[in-house]
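The values are calculated or read from the model by the stated rules, or taken from the named source; none is laboratory data. Please read all numbers here as calculations on a predicted model, not as lab measurements. For neighbour counting, all protein chains shown are included, and Cβ atoms are generated from backbone atoms with ideal geometry for every residue, glycine included. All accessible areas refer to the heavy atoms of the entire protein, side chains included, with ligands and DNA or RNA removed. Shrake-Rupley method; radii C 1.70, N 1.55, O 1.52, S 1.80 Å.
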Amino acid sequence: MFPELMQKVQTLDLAVLNQELDAASPQEILAWVTQVLPEGLVQASAFNVDDMVVTDLLYRGLKPQHPVPVLFLDTLHHFPESLELVARSTQHYDLNLKIYRLVTVDSRLGFAQRYGENLWETDIQQFHHLTKIEPLHRGLAELGAVAWITGRRRDQAHTRSDMPVLEWDKQQRLKINPLANWTRPQSWRYVMEYQVPYNPLHDQGYASIGDEPLTTPVAEGEDERAGRWRGSGKTECGIHI
């Protein structure tokens with residue numbers, strides 16, 4: 001942790017800043033935060049298309065003096081295509097990649113042996129706690145994060161429709177949503193314009209990509225995140241709640 005930066009973060013007036021930044025571009029928001037916090041920043045990335053936009057802005061566009069660590073949660077249940085994109089992007093951008101996963105097992109088979117077959121079917125809350133929530137909190141703590149960056153947009157789901165650009169998480173870290181006021185078409189236009197690497201599963205109807213057992217393609221007219229946890233009624237895994 002960076003105590004002086006944490007104190008600085010705590011003095012920020014988010015109500016005023018959100019008014020000022022709500023109409024700003026993602027690049028302007030990230031430029032502001034990397035200037036205010038030259039250290040203590042982390043990007044949490046699932047390497048979905050919006051996460052890749054943020055990474056490209058940070059690593060190709062802004063290039064801060066201290067490269068922002070990219071925290072990836074290896075749930076042990078990702079699609080092979082997702083893991084290939086992580087490797088390809090790390091090489092493409094020379095990412096300061098930080099991978100976090102459970103400390104008790106290191107494979108999908110090991111996970112099943114220790115926690116039971118198809119835990120996501122019997123206790124999805126526990127599955128997400130083990131694979132995402134605990135590793136994220138541990139990662140942010142070990143990386144000394146005073147603030148972290150997401151790739152969320154307001155139009156991704158009804159649960160995000162009033163999401164601010166800046167907010168506090170439960171540990172009083174600053175949480176930055178630079179794409180809050182963007183739309184899916186804007187993200188894809190950016191990807192095409194700057195030739196940003198992306199997951200080939202997006203071309204196969206997967207609008208939002210999570211764990212392989214819990215992700216399906218999205219039909220025309222469905223919500224972008226309809227393919228996540230289909231039929232369960234869930235809209236969030238718990239990281240952003």
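Things to note:
- Counted residues, the range 142-158 - those being open to solvent by less than 60 Å² (accessible area, probe 1.4 Å), touching a residue at least 60 places away in the same chain (Cβ under 8 Å) and not in a loop (DSSP other than H, G, I, E, B): 4
- Put simply, of 135, 164, 200 the only residue that is closer than 21 Å to residue 10 by Cβ and open to solvent by less than 60 Å² (accessible area, probe 1.4 Å) is 164.
- When residues of the range 182-241 are limited to those that are among the β-branched types (Val, Ile, Thr) and at pLDDT 75 or above, the one nearest to the chain's Cα centre (by Cα): 209
- For the range 67-90, the candidate set comprises residues that are farther than 18 Å from residue 111 by Cα and out of contact with any strand residue (DSSP E or B) (no Cβ under 8 Å at 6 or more places or on another chain); within that set, the residue that is surrounded by the fewest Cβ atoms within 10 Å (Cβ to Cβ) is 87.
- Residue 40 meets all of the listed conditions (1) out of contact with any Asp or Glu (no Cβ under 6 Å at 6 or more places or on another chain); (2) over 16 Å from residue 169 (Cα atoms) but one, namely (2).
- Cβ-Cβ under 7 Å pairs, at least 6 apart or on other chains, the range 100-119 side part of a helix (DSSP H, G or I), far side open to solvent by 40 Å² or more (accessible area, probe 1.4 Å): 114/104; 119/126
- The single condition among (1) part of a helix (DSSP H, G or I); (2) farther than 27 Å from residue 28 by Cα that residue 189 does not satisfy is (2).
- Some residue of the range 205-215 being assigned to a helix (DSSP H, G or I) and of a type in the set (S, T, N, Q): no
- In the range 79-94, the residues that are under 17 Å from residue 50 (Cα atoms) reach residues that are surrounded by 13 or more Cβ atoms within 10 Å (Cβ to Cβ) and aromatic (Phe, Trp, Tyr) with C-beta atoms within less than 8 angstrom, at least six apart or across chains, in these pairs: 82/47; 85/47; 85/198; 86/47; 86/72; 89/47; 93/59.
- Looking only at the range 184-197, and only at residues there that are among the aromatic types (Phe, Trp, Tyr) and surrounded by fewer than 19 Cβ atoms within 10 Å (Cβ to Cβ), the one that is nearest to residue 92 (Cα to Cα): 194
- Selection count, the range 35-59, where residues are surrounded by 20 or more Cβ atoms within 10 Å (Cβ to Cβ) and either under 16 Å from residue 71 (Cβ atoms) or of a type in the set (Lys, Arg) (or both): 17
- Taking residues in the range 184-209 that are over 13 Å from residue 151 (Cβ atoms), and partners anywhere that are open to solvent by 50 Å² or more (accessible area, probe 1.4 Å) and modelled with pLDDT under 95, the pairs with Cβ atoms closer than 7 Å and at least 6 places apart or on different chains are 204/217; 205/217; 206/217.
- Looking only at the range 15-34, residues that are of a type outside the set (A, V, I, L, M), surrounded by fewer than 18 Cβ atoms within 10 Å (Cβ to Cβ) and without any contact (Cβ under 8 Å) to a residue 24 or more places away in the chain come to 4 in all.
- On the stretch given as the range 203-221, residues that are exposed (fewer than 15 other Cβ atoms within 10 Å of the Cβ), within 22 Å of residue 87 (Cβ to Cβ) and charged (D, E, K, R) total 1.
- Count - residues of the range 122-132 that are open to solvent by 40 Å² or more (accessible area, probe 1.4 Å) and in contact (Cβ under 8 Å) with a residue 12 or more places away in the chain: 2
- From the list 87, 24, the lone residue that is at pLDDT 95 or above and assigned to a loop (DSSP other than H, G, I, E, B) is 24.
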